[in-house]
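Presented below is the structure to which this report refers.
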Amino acid sequence: MNSTPNRSFRAAIPWLVLALAALPAGCGKESTVTPVPDCAGIHLLVLASDRNVAAGLFDVYLYDLDAGGFRVIALNSTSADVNPAITRDGGAIAVQTHRAITGQDVRVYDRCTASFLDRPELATAFDESDPTFSGNANLLAFVRDTLGHGRLRVLDGLNRRFVPLPLLDAQAAGNSFDDHGPTLDQTGRLIAFTTNRGGNDDVWIYDRTGDSVLTLPELATAAAELEPSITPDGRYLAFASDRAGGDGGFDVYLYDLQTRAMVATAGLNSPADDRHPAVNTDAGLIVFESNRTGTGAQGGIDVWNYNRSGGVVAQGIQQSSAASDVDPALAWP
C-alpha cells in the first residue's frame, strides 16, 4: 500500500494551501526542530503529552501505528498545545493553543509543507478550542467561548465561511449553557457534541440537513456523557460516561446509531477512569486515555488502543510515558 496519504483535501481547502512559516518546536518546549515536510503515514495517532516538559505544558505528538514510532512535527510552542485533531488522511493537524494575546486559539498545521496557516476566524478575542475535522476535511468544527459560554462553530474551508447552525444558535440565544467537544461524520452533516443544555453533560447529535437535534436516552442519562467520537459513516459513536453499572469512575462506551443499541466492548474498561475515546472508520479500533495501573501502564495518564474484534487493550512502543498522555485522535483512511 502506498505510504503517502491522499492529498485531495489540499485542493479542496484553500486555507490549508496558503500556509505561513511554521513555528519551530518539537520534543520539548525549548527544542528547535527544523520544519521538514512529511506527508507519510497511513494509520496515525495524534495526542498531547507533557513528557519532557513541565507538567501541564503539553506538546502535540504524532505516532505512526504501523511503524511503531513517532514522526517529527514542528508545530509546538512554549505554551500548552492540547486537543489535537487530524484529518483522515493525516495531512493536517488542528491544535488548541495559547500562544497569542487573544487567549486560546485554534491553529492548523499542514504536514506536507511543515507550516501553519493562521485564519482570523480561528483566533479572535474570544477563546477558541476543541477543533475537529469532518471526515472529508472540508469542515472544521470548534468551540468559541462567547461571553463566558461555549458555542459550536463550523468553518467551511472551501468557501471560507461559517456554516449556519440555526436551531443550535436559536436555542443558545440568552442562555447560559455550554457546548463542547464536537465530532463530525464524513461530510459534517452529523455533529455529535457534549452539552449541558439538559442540566448536566449529555451527548446530543445535530443533523445539519434537517436542522434538528437527536437526543437518545442512552446518551443522556442522569450521569455525565461526554467526549464523543463518531465514525465517518455516522453509524458508531464512542463516548465516556460515569453512569452507574460501569467498571470504574468514567468508562468508554460504544453506541450503534443505526440499531439504536449499545455495542459490547468486553475488556475495554478498568476500575480507573477511561475517557476521551477516538474511533477509526468502523470503530474496530478505539484509542482512549486512562489512569489505570497494572500491566503495561506507564504512570500518570496513558493512551491505550482497544481492538474490538479481539477484546485486547495494548500500547505501542513509547506511545505513552510516565507523564500525562491525553487527547488522542486518529487518522485512518
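Throughout, read-outs are computed from the coordinates displayed, never taken from laboratory work. Treat the numbers as computed from the prediction; the structure is a model and nothing was measured. Heads up, the Cβs are rebuilt from the backbone with ideal geometry, glycines too, and the neighbour counts pull from every protein chain shown.
Each of Ile42, Ala54, Ile191 was scored by the projection of its Cα onto the charge dipole of the chain, and the greatest displacement toward the positive side belongs to Ile42; charges sit on the C-beta of Lys, Arg, Asp and Glu.
For the chain, set up a GNM with springs between Cα atoms under 10 Å and report which of Phe239, Phe288, Phe70 has the largest fluctuation. Answer for the Gaussian network model of the chain: Phe70.
Cα gyration tensor of the range 88-188, axes a ≥ b ≥ c as square roots of the eigenvalues: rounded (a/c below 1.5), prolate (a/b > b/c) or oblate? Intermediate values should be presented prior to the final figure.
On the way: a/c = 2.14, a/b = 1.33, b/c = 1.61.
It is oblate, given that a/c is not under 1.5 and a/b is not larger than b/c.
Modelled spin labels at Asp233 and Gln298, positioned 7 Å past Cα toward Cβ, are 3.3 nm from each other. Largest mean-square fluctuation among Ser270, Ser309, Ser77, in a Gaussian network model of the chain whose springs join Cα atoms under 10 Å apart, belongs to Ser309. A Gaussian network model of the chain, with springs between Cα atoms under 10 Å, assigns the largest mean-square fluctuation among His149, His276, His98 to His149. Scanning residues 5 or more positions from Phe70 or on other chains, those with amide H under 5 Å from its amide H are Asp64, with H placed 1.01 Å from N in the peptide plane. Neighbour counts of other Cβ atoms within 10 Å put Asp64, Asp81 in the fewest-to-most order Asp64, Asp81.
Sequentially through the range 258-265, phi angles give Karplus couplings (6.51, -1.76, 1.60; θ = phi - 60°) of 7, 8, 6, 8, 6, 9, 5, 9 Hz, Gly and Pro residues having no value and appearing as x.
Taking neighbour counts of Cβ atoms within 10 Å as a proxy for exposure, in what order, fewest first, do Asp325, Asp233 appear? Walk me through the numbers before you get to the answer.
Details: Asp325 27, Asp233 15.
By the 10 Å Cβ count, ascending: Asp233, Asp325.
So how strong a dipole does the range 8-331 carry about its Cα centre when Lys and Arg Cβ are +1 and Asp and Glu Cβ are -1, to the nearest 20 debye?
Values: 23 positive and 40 negative charges, 131 e Å.
Computed charge dipole of the range 8-331: roughly 620 debye.
Its DSSP H runs of at least 4 residues, each contributing -39,500 (n - 2.57), put the calculated 222 nm mean residue ellipticity of the chain at -1000 deg cm²/dmol, to the nearest 500.
Stretched out fully, how many nm does the piece from Ser176 to Ile101 gain, at 0.36 nm a residue minus the Cα gap?
Details: separation 75, 0.36 × 75 = 27.00 nm, distance 2.55 nm.
Length gained between Ser176 and Ile101: 24.5 nm.
Ordering Gly69, Gly300, Ala173 by Cα displacement along the dipole of the chain toward the positive end leaves Gly69 in first place; charges were set at the Cβ atoms of Lys, Arg (+1) and Asp, Glu (-1).
Note on Asp282 and Ser309: the extension gain reaches 8.6 nm, defined as 0.36 nm multiplied by sequence separation minus the Cα-Cα distance.
Spin-label model, Ala244/Gln258: points 7 Å from Cα along the beta carbon direction are separated by 3.4 nm.
Pull out a ≥ b ≥ c, the square roots of the eigenvalues of the alpha-carbon gyration tensor of the chain, then state rounded if a/c is under 1.5, prolate if not and a/b is larger than b/c, and oblate in the remaining case.
Values: a/c = 1.41, a/b = 1.07, b/c = 1.32.
Rounded shape, in that the Cα axes give a/c under 1.5.
Which distance in Å, rounded to a whole number, links the C-alpha centroids of the range 158-191 and the range 299-329? The distance from the Cα centre of the range 158-191 to that of the range 299-329 comes to 30 Å.
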